[in-house]
Every structure is written in structure tokens, then in C-alpha cells.
1. Restricting the search to the range 68-83, which residues are assigned to a loop (DSSP other than H, G, I, E, B) and within 14 Å of A32 (Cα to Cα)?
2. In the range 43-67, what count of residues is obtained for those that are among the charged types (D, E, K, R) and outside any loop (DSSP other than H, G, I, E, B)?
3. Is it the case that the range 93-104 has a residue that's surrounded by 12 or more Cβ atoms within 10 Å (Cβ to Cβ), small (G, A, S) and closer than 18 Å to L18 by Cβ?
4. Counting only residues that are among the small types (G, A, S) and touching a residue at least 12 places away in the same chain (Cβ under 8 Å), which one in the range 66-112 is farthest from G10 (Cα to Cα)?
5. Quick one: in the range 19-31, which of the residues that are over 14 Å from C95 (Cβ atoms) and either touching a residue at least 60 places away in the same chain (Cβ under 8 Å) or not polar (S, T, N, Q) (or both) is surrounded by the fewest Cβ atoms within 10 Å (Cβ to Cβ)?
6. In the range 1-11, which residues are open to solvent by less than 30 Å² (accessible area, probe 1.4 Å) and in a strand (DSSP E or B)?
Amino acid sequence: QVQLVESGGGLVQAGGSLRLSCAASGSIFSIAVMGWYRQAPGKQRELVALVTSGGSTNYADSVKGRFTISRDNAKNTVYLQMNSLKPEDTAVYYCNLKALGVQSWGQGTQVTISS
């Protein structure tokens with residue numbers, strides 16, 4: 001079982017920035033599709049961004065141009081750089097790993113944007 005540990009959440013004002021990190025255990029990180037999802041109160045969990053093993057990225061329309069996902073295979077870590085944050089970005093952000101039929105979720109990290 002792959003363990004994922006997120007960090008970097010917090011409270012910032014609108015317009016500010018945060019960088020989330022997700023460190024993975026095990027040896028399949030480099031071949032995994034890594035994603036960031038978020039879930040706001042009363043809403044379904046939604047995909048924010050993902051990055052493939054080859055480095056291709058995909059973003060939700062709501063975050064395009066503001067968020068950047070990246071990965072460091074040497075550190076088994078995926079990042080989400082979030083700029084120009086808005087109150088509607090407030091949510092619990094979860095890291096996700098998919099590889100070889102395995103899927104794992106992190107525990108989540110709270111991101112709160114004040115207006």
C-alpha cells in the first residue's frame with residue numbers, strides 16, 4: 001500500500017499563493033499518474049490537476065493559468081503551486097496516486113482563502 005502525505009495547506013488572503021506538497025512511499029511513484037483533487041463543504045470531490053509519468057499535465061478549467069502541478073521523481077513528491085487564489089478555491093485538497101491497478105489517497109490538507 002502506497003502512503004501519501006500532504007503538506008502546505010493554510011489560510012491566505014485572496015490573491016495570495018500556496019504550494020502544496022505530497023510525498024509518496026514505495027517504488028511506483030515514477031510510473032504513477034499523480035493528481036490533486038479538492039472537496040469543498042457540501043460539494044463533490046473534483047479533479048484540480050494531474051500529471052502523468054511522462055510529465056503531461058491536465059487542469060480543471062477553474063484553475064488554468066493559476067495553478068501548476070509538477071513532480072520530482074527523485075523525491076517521490078508531487079507539488080501544486082497555487083497563485084492568484086480566490087475564496088472559491090477554499091477546500092480540502094487531496095493527493096491521489098494511480099499506477100498498476102493501485103489507487104491511493106492522502107489524508108487531505110485544508111486550504112482556506114479569505115476575501
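The values are calculated or read from the model by the stated rules, or taken from the named source; none is laboratory data. On a predicted model such as this, the values are computed, not experimentally measured, just so you know. Heads up, the Cβs are rebuilt from the backbone with ideal geometry, glycines too, and the neighbour counts pull from every protein chain shown. Please note that ligands, DNA and RNA were not included when accessible areas were found on the heavy atoms of the full protein model with its side chains. Shrake-Rupley method; radii C 1.70, N 1.55, O 1.52, S 1.80 Å.
1. Correct list: N73, A74, K75, N76.
2. To start, the set of residues in the range 43-67 that are among the charged types (D, E, K, R) comprises 43, 45-46, 61, 64, 66.
If we keep only those that are outside any loop (DSSP other than H, G, I, E, B) as well, we get 46.
Going through the range 43-67 one residue at a time, the tally reaches 1.
3. Checked the range 93-104: no residue is surrounded by 12 or more Cβ atoms within 10 Å (Cβ to Cβ), small (G, A, S) and closer than 18 Å to L18 by Cβ.
4. In the first step, residues of the range 66-112 are kept if they are among the small types (G, A, S); the result is 70, 74, 84, 91, 99, 101, 104, 106, 108.
After this cut, where a residue has to be touching a residue at least 12 places away in the same chain (Cβ under 8 Å) as well, the list is 70, 84, 91, 99, 104, 106, 108.
Values: S70: 20, S84: 15, A91: 10, A99: 29, S104: 23, G106: 16, G108: 12 Å.
Result: A99.
5. I31
6. Result: L4, E6, G10.
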